[in-house]
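Single-structure report; data block below.
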Amino acid sequence: MRELSLHILDIAENSVSAGGSRVEISVIEDMVNDRLSIVIGDNGKGMDTETVKRVLDPFVTSRTTRNVGLGLPLLKAAAVGCNGDLIIESEPGVGTTTKVTFQHSHIDRMPLGDLAETWLTLLLGSPEVNWVFHYQVDDEIFFIDDLEIKRELDGISFTEPGVMRIIRELIRDGVDSVS
């Protein structure tokens, strides 16, 4: 994967596969301290300590379509290579939190990518999940909890063309206003 937003998409999809009904994604660009932090947390089934160790092994995957799982191991290698790290905290029955950090200015740090499109994909692809998005660049913050939108829509689907257009604009404008 060439963009961090694709890694975010992959991890968030893992959260949904693990039964997460609430997924929180936070992306913080701290220019003063030269750090980029990404945190993805869910309330899914969680993992025991041994499983957490195994998911960072590129030759282990829970997927049945292939025998290797490269997403997390490659992301960890990319983070470590850019003076950062990847840490997974998980507890069975509680959920999982993946924290990734990078030196923001590191020449080898992959680009963030299209956060707005990634979040829209998650929102439309798994509308049964409560999605919480937080994007911050220094003191500028964009925050959205889709429960507020779902309450306002009162049963109208996110995939209705007019609704989808409004949500796309809301997310795009929010991300653009921060970056």
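Every number here is computed from the coordinates shown, using simple stated rules; none is lab data. For clarity, every value in this text was computed on a predicted model and none was experimentally measured. All Cβ positions, even for glycine, are placed from backbone atoms using ideal geometry, and neighbour counts span all protein chains on display.
Table for the structure above
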| item | result |
| --- | --- |
| Shape category assigned to segment 4-178 from the gyration tensor of Cα positions, a/c cut at 1.5 | oblate |
| Nitroxide proxy distance, nm - points 7 Å out along Cα→Cβ at Lys53 and Glu152 | 4.8 nm |
| Cα→Cβ-extended label distance, 7 Å offset, between Arg172 and Glu91, nm | 4.2 nm |
| Sequence-separation-based contact order of segment 4-178, relative, with Cα cut under 8 Å and 6+ spacing, percent | 25 percent |
